[in-house]
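Read-outs: derived from the displayed coordinates by stated rules, not from any lab. Predicted model only: the values in this text are computed from it and were never measured. Cβ placement follows ideal geometry from the backbone for every residue including glycine, while neighbour counts extend to all protein chains displayed.
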Amino acid sequence: SQQGEEDPQALSIQEGENATMNCSYKTSINNLQWYRQNSGRGLVHLILIRSNEREKHSGRLRVTLDTSKKSSSLLITASRAADTASYFCATGEGGNLIFGKGTKLSVKP
Amino acid sequence: GAGVSQSPSNKVTEKGKDVELRCDPISGHTALYWYRQSLGQGLEFLIYFQGNSAPDKSGLPSDRFSAERTGGSVSTLTIQRTQQEDSAVYLCASSLASYQETQYFGPGTRLLVL
């Protein structure tokens, strides 16, 4: 089955820097979603990008989608310590979402 | 409701015992999902309910796992004869319709099987 795989697995940056995380998937999709998870608990939806969209913004978040390369990227600009979390991409298949293993982002003050 | 709620927050049980995990979705959401997340791993899909349709059980790892959704709202995930490898965080999510839409997650139940 298709699966989003995030890269890198872990990322450590200083506050104020930008953070870029990538996601690759295997088969065609209708949409791709990015979620954030703090402390191994519930996930929070960040952004959904549809297959006919190439770029989407939400506050300090910018998501791109390249369906020809089957990849997406999440950019967090001007990072803050509060952005420290795990970030997952998810693609739809059948009736459920397939999540990758996530990128663990650490933003140091 | 304010959001998806799950109970209990934490559950410690002995190997071989049965456990029930509860999920209260957001009011009006027709789709409900259960996932499992082992330490440091991504989410593993377990089961999906959509309205009155038969649930998609394709992710359940064994016949010890079952789930039901009563009245199209509250759902219970039951694990019979728990094993140590069942230890994980069990997450529930709901959405307005299908997976195509944003999923709203509960805080999860952390299960530890001794």
Quick one: Cα centre-to-centre distance for region A:65-92 and region B:67-84, in angstrom? 32
Do any GluC sites (Glu not before Pro) in region B:10-65 lie in a DSSP loop with no more than 16 other beta carbon atoms within 10 Å, and if so, which? B:Glu14
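Can you check what the net charge comes to around B:Phe49, using other residues whose Cβ is under 15 Å from the Cβ of B:Phe49 (Lys, Arg +1; Asp, Glu -1)?
That sum, taken over residues with Cβ under 15 Å, equals -1.
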In chain A, once you exclude exposed trypsin sites (Lys or Arg not before Pro) (DSSP loop, at most 14 other Cβ within 10 angstrom), what's the longest stretch remaining? A:81-109
Skipping prolines and chain starts, which residues have an amide H placed within reach, meaning under 5 Å, of the one on A:Lys26, given they are 5 or more residues away or on another chain? A:Gln3
Averaged across the residues of A:41-47, what count of C-beta atoms belonging to other chains lies within 10 Å of each residue's C-beta? 6
Averaged over residues of B:28-36, the number of beta carbons from other chains lying within 10 Å of each residue's Cβ is 1
Could you state the number of Å between the C-alpha centres of region A:23-61 and region B:1-42? 22
Sites B:Ser38 and A:Thr67, calculated FRET efficiency, Cβ-Cβ separation with R0 35 Å, nearest 0.05: 0.70
Would you mind getting me the FRET efficiency between B:Ser62 and A:Thr27? Use the beta-carbon distance for r and R0 = 25 Å, nearest 0.05. 0.40
How about region B:32-114: which trypsin sites (Lys or Arg not before Pro) there lie in a loop by DSSP and see at most 15 other Cβ atoms within 10 Å? B:Lys57, B:Arg64, B:Arg81
Spatially proximal lysines relative to A:Lys26 (Cα-Cα < 16 Å; intrachain offsets below 8 disregarded): A:Lys69, A:Lys70, A:Lys101
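Under 11 Å from the Cβ of A:Glu55, count the other residues' Cβ atoms, weight Lys and Arg +1, Asp and Glu -1, and hand me the total. Please report the intermediate quantities before stating the final value.
Numbers: positive: A:Arg54, A:Lys56, A:Arg62; negative: A:Glu53, A:Asp66.
With Lys, Arg at +1 and Asp, Glu at -1, the net is +1.
Is there a simple number for the mean count of other chain Cβ atoms within 10 Å of the Cβ of residues in B:102-108, and what is it?
Values: counts 7, 8, 4, 7, 3, 3, 5.
That average works out to 5.
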